[in-house]
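Following: one structure in C-alpha cells, then a few remarks.
The values are calculated or read from the model by the stated rules, or taken from the named source; none is laboratory data. Not measured: the values here are computed from a predicted model. Here the Cβ positions follow ideal geometry from the backbone for every residue, glycine too, while neighbour counts run over all protein chains shown.
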Amino acid sequence: MKARHVPAVLLTSNGTRELSDALRRRGLYHWLDYPTLAREIAILRSTLPGAEMALVEQAVAFVQRLRKLDLGKTPGVAETLDCVRALQRLALALWTPRCRRRLKPSAPKTTRQPNPARKAAPAAPKRCTTAACRSGCHKT
C-alpha cells in the first residue's frame, strides 16, 4: 500500500510534557497562547450563538482570571464552553452569588489543586437584566 500524498500531521500539546528535540526537528513548532478576552468571547459567540452576551462575557472573564492563577492545569476554551453550557442548563442568565453557589465551578483538574473559583469569580450585578431569566438568580 502506498499513500498518494505525504500526510500532514498536527500535534497538539497542553504543555505538561516537553516535546523532544527529535520531534521538534521533524516538524514545525509553533506556540499558540490562550485567546485574548475579545477573541475568546468571539469563539463562544460563534459556538454558542443562543447564549446571553452578559453570561458569555462573565464566564470568559472568570476563566481568563483563573488562567493567571497557579494551577496544575490551566483551563482552556473547552472549560469556558462547559461553564456557559452548565449555566444555560441551570437556566441561569447571570453570574450572581446564587448562580455561583448552584454551579460550584470545578476549575481544578487534579485532586491536589485547591479550588480558586471563589477568588476568581466575577462580581455579580445587582439585578438580572435578562428577560429569559427564570431562575430568580438575581435574588441573593
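Selection of the stretch 53-80 for residues being surrounded by fewer than 19 Cβ atoms within 10 Å (Cβ to Cβ), within 8 Å of the chain's Cα centre (by Cα) and among the aliphatic types (A, V, I, L, M) yields 77, 78. May I ask you to list the residues in the stretch 58-90 that are outside any helix (DSSP H, G or I) and among the hydroxyl-bearing types (Ser, Thr, Tyr)? Correct list: 74 only.
Considering only residues that are of a type outside the set (A, V, I, L, M, F, W, C) and surrounded by 11 or more Cβ atoms within 10 Å (Cβ to Cβ), which ones fall in the stretch 30-47? If you could, list the steps in order and put the result at the bottom.
Kept after step one, since they are of a type outside the set (A, V, I, L, M, F, W, C), are these residues of the stretch 30-47: 30, 33-36, 39-40, 45-47.
Passing the criteria: 34, 35, 36, 39, 40, 45, 47.
Among the numbered conditions (1) small (Gly, Ala, Ser); (2) loosely packed, with under 11 Cβ neighbours inside 10 Å; (3) part of a helix (DSSP H, G or I), the only one that residue 50 does not meet is (3).
Mind listing whichever residues of the stretch 33-47 are among the charged types (D, E, K, R) and part of a loop (DSSP other than H, G, I, E, B)? Outline the logic, then answer.
Going through the stretch 33-47, the residues among the charged types (D, E, K, R) turn out to be 33, 39-40, 45.
Within the stretch 33-47, just 33 meets the criteria.
Scan the stretch 1-23 and give yes if some residue there is surrounded by 10 or more Cβ atoms within 10 Å (Cβ to Cβ) and touching a helix residue (DSSP H, G or I) at 6+ places or on another chain (Cβ under 9 Å), otherwise no. Reasoning before the result, please.
Residues of the stretch 1-23 that are surrounded by 10 or more Cβ atoms within 10 Å (Cβ to Cβ), as a first pass: 13, 19, 23.
Then keep just the ones that are touching a helix residue (DSSP H, G or I) at 6+ places or on another chain (Cβ under 9 Å); that gives none.
Checked against the condition, which is being surrounded by 10 or more Cβ atoms within 10 Å (Cβ to Cβ) and touching a helix residue (DSSP H, G or I) at 6+ places or on another chain (Cβ under 9 Å), the stretch 1-23 yields no hits at all.
Residues are listed down the side, and each one gets a yes or a no for (1) at pLDDT 90 or above; (2) more than 24 Å from residue 13 (Cβ to Cβ):
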site	(1), (2)
31	no, no
49	yes, yes
54	no, yes
64	yes, no
72	no, no
75	no, no
92	no, yes
124	no, yes
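Restrict the check to the stretch 9-18 and report whether at least one residue is under 16 Å from residue 81 (Cβ atoms) and small (Gly, Ala, Ser). There is no residue in the stretch 9-18 that is under 16 Å from residue 81 (Cβ atoms) and small (Gly, Ala, Ser).
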